[in-house]
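First the structure, in the form of structure tokens, and then the observations on it.
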Amino acid sequence: MLTLHFAPNSRAGRIVWLLEELELPYELNRMDFSPKDLKSDEHRQRHPLGRVPVLDDGEISIYESGAIVEYVLERHKNGGLKPAVDASEYPSYLQWFHYCEGMVMPPVNTIVVQTLLLPPDRRDATVLGQAQKLLTRALAPVDEALAGKDYLIGDFSGADIMLGHACFMSNRLGCVTDEMASLKGYVERLAARPAFQKAMAS
């Protein structure tokens with residue numbers, strides 16, 4: 001049985017979504033997104049920095065959401081939800097899978113810190129504005145890539161689990177502009193998927 005160590009409003013939502021899409025049995029160890037839970041001695045045994053997600057699979061324990069997605073797809077879905085290495089879509093799959101953490105999530109992290117985590121007297125409007133502009137710029141190529149497609153590489157894939165979750169969060173933060181019609185439609189399609197809805201309600 002897979003066990004996912006989870007806190008709401010975090011990258012761990014991607015993994016719940018993945019497990020629901022794949023209809024894999026799992027247990028959820030739900031923690032509060034607070035130092036009391038995440039920085040506890042117990043959780044630091046799972047993740048040295050006290051973060052989520054962490055996935056336990058028998059004797060195996062693995063963290064980093066992208067690594068967990070790749071692990072689950074290979075070990076528990078025989079490479080499902082991803083194109084074959086020699087498929088024409090494979091390079092695009094890899095690009096968008098990793099574009100998430102490389103280009104989209106860094107400004108998302110800054111926005112969350114500046115709007116939610118820091119006390120008002122420590123927030124910096126200049127830093128926030130720069131991160132918002134950077135995020136909107138980073139999303140423009142995603143909008144272009146989605147023109148005429150339902151999902152990033154055509155069919156729904158692990159790249160949508162990674163980058164799609166980040167796009168959904170970016171939209172909630174107000175950084176997907178109305179001009180990004182393809183991206184707006186993409187976020188709506190993702191939000192309509194039953195597995196996604198269950199993950200967001202976790």
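A few notes on this one:
- Using only side-chain charges placed at the Cβ, +1 for Lys and Arg and -1 for Asp and Glu, the dipole size of the range 90-193 relative to its Cα centre rounds to 200 debye.
- For the range 90-193, the spherically averaged projection of the C-alpha convex hull amounts to 6.5 nm².
- Charged-residue dipole, Cβ positions (Lys, Arg, Asp, Glu), the chain about Cα centre, Debye nearest 20: 580 debye
- Considering only the chain, percent of DSSP beta bridges that pair antiparallel, nearest 5: 65 percent
- Adding -39500 (n - 2.57) for every DSSP H run of four residues or longer, then dividing by how many residues the chain holds, sets the calculated 222 nm ellipticity at -14000 deg cm²/dmol.
- The length gained by stretching the chain between D32 and A147 to full extension, at 0.36 nm per residue less their Cα-Cα distance, is 37.6 nm.
- By average C-beta atoms within 10 angstrom, highest first, the peptides 8-21, 175-188: 8-21, 175-188
- Non-local Lys pairs in the chain, i.e. 8 or more apart or on different chains, that have alpha carbons under 28 Å apart: 12
- Applying the Karplus relation 6.51 cos²θ - 1.76 cosθ + 1.60 with θ = phi - 60° to the range 169-178 yields 3J(HN,Hα) values of 5, 4, 5, 5, 7, x, 9, 9, 6, 5 Hz, where x marks Gly and Pro.
- Between amide H atoms placed 1.01 Å from N, distances below 5 Å from N29 occur with L4, H5, F6, all of them 5 or more places distant or on a separate chain.
- Cα-only Debye scattering, the chain: base-10 log of I(q)/I(0) at q = 0.09, 0.12, 0.18 Å⁻¹: -0.35, -0.62, -1.34
- Applied to the range 115-129, the Karplus parametrisation 6.51 cos²θ - 1.76 cosθ + 1.60 on θ = phi - 60° returns per-residue 3J(HN,Hα) values of 10, 10, 8, 7, x, x, 6, 10, 7, 10, 5, 5, 4, 4, x Hz, with x for Gly and Pro.
- Gyration tensor over the Cα atoms of the range 2-76: the corresponding equivalent ellipsoid has semi-axes (square roots of 5 times the eigenvalues, largest first) of 20, 13, 10 Å.
- Kirkwood analysis of the range 34-128, using all unique Cα-Cα pairs, places the hydrodynamic radius at 16.2 Å.
Values quoted throughout were computed directly from the atomic coordinates according to the rules given, and no laboratory measurement underlies them. Only a predicted model underlies this, so the values are computations on that prediction, with no experimental measurement involved. Heads up, the Cβs are rebuilt from the backbone with ideal geometry, glycines too, and the neighbour counts pull from every protein chain shown.
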